[in-house]
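The values are calculated or read from the model by the stated rules, or taken from the named source; none is laboratory data. In this text, all values refer to a predicted model and were calculated from it rather than measured experimentally. Here Cβ is always computed from backbone atoms with ideal geometry, including for glycine, and neighbour counts include all displayed protein chains. Quick note on the areas: whole protein, heavy atoms, side chains included, nothing else; ligands and nucleic acids left out. Shrake-Rupley method; radii C 1.70, N 1.55, O 1.52, S 1.80 Å.
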Amino acid sequence: MADRQLTGRLLVATPDLKDPHFERTVVLLVAHEPGGTLGVVLNRATEVPVADVLDKWAPLVGDPAVLFEGGPVQPDAAICLALANPGGSPSDGWTRIDGPVGTVDLSCDPEELARGVRQLRVFSGYAGWEPGQLEREIGEGSWFVLDTLPGDAFVDAPDDLWSMVLRRQGGIMAAVSVYPSDPTLN
């Protein structure tokens, strides 16, 4: 996996990954570069409304309109993902990750950006890996590396994303999607 581009792909935690920060998570990799890897956890919604912390951005945020725990690194930092309008051309404050999904510079004007995007999601913190660390974790069986669909970062029911992504893979992955979170209950 070391030579394959990971930016824009999903990391889906395998049932063996028991780290409380990442158990049953789906992570969108925002950047995979020689200096390291950065991603955001897509399926950890908080109860904090975006309007409480970034009021001017709240009208662009889809349901659920809350902050998401993007990961354990710099929880006071905000990373914003945006889904571009079909055929749209978001403003200079938008940087493509993959297809119509990109990051947003929260210092830009939300009204300017609103013309080119249809939905935002805001994450507090992020997941980060030092050079080579993620590749080791993948090799150890902690993560499935899967293709993303544009809507994965913006699903209405983020708690279901882990199972949903695994189910759509078919075969053994679909079987993993129903693996109990506590195997002693099986």
* Asked: Hey, what number do you get for the chain at 222 nm if only DSSP H runs of n ≥ 4 count, each worth -39500 (n - 2.57), divided across all residues, to the nearest 500?
  -> -3500 deg cm²/dmol
* Once the whole set of protein chains is in place, how much accessible area is left on W129, using a 1.4 Å probe, in Å² to the nearest 10? -> 20 Å²
* Asked: How do E135, E33, E111 rank by accessible surface area computed with a 1.4 Å probe, from largest to smallest?
  -> E111, E33, E135
* For Q74 and A174 in one chain, what is 0.36 nm times their gap in residues minus the Cα-Cα distance, to one decimal in nm? -> 32.6 nm
* To do: Treating the Cα atoms of the chain as identical point scatterers in vacuum, please give the log10 of the normalised Debye intensity I(q)/I(0) at q = 0.10, 0.11, 0.12 Å⁻¹, two decimals.
  => -0.39, -0.47, -0.56
* Asked: So for M164, M173, what's the accessible-area order with a 1.4 Å probe, most first?
  -> M164, M173
* Remind me, relative contact order of the chain in percent, using alpha carbon pairs under 8 angstrom and six or more residues apart? -> 27 percent
* **GNM flexibility winner over the chain from G128, G102, G170 (Cα, springs under 10 Å)** => G170
* To do: Calculate, for the chain, the solvent-accessible area per residue in square angstrom, rolling a 1.4 angstrom probe over the heavy atoms of the protein chains.
  => 50 Å²
* Asked: What full-extension length gain, to one decimal in nm, is calculated for D16 and D105 as 0.36 nm per residue of separation minus the Cα-Cα distance?
  -> 28.5 nm
* Asked: What is the extension gain from R115 to A58, computed as 0.36 nm multiplied by their sequence separation minus the C-alpha to C-alpha distance, in nm to one decimal?
  -> 19.0 nm
* Could you work out the longest stretch of the chain that avoids the trypsin sites (Lys or Arg not before Pro) located in DSSP loops with at most 12 other Cβ atoms within 10 Å? => 19-114
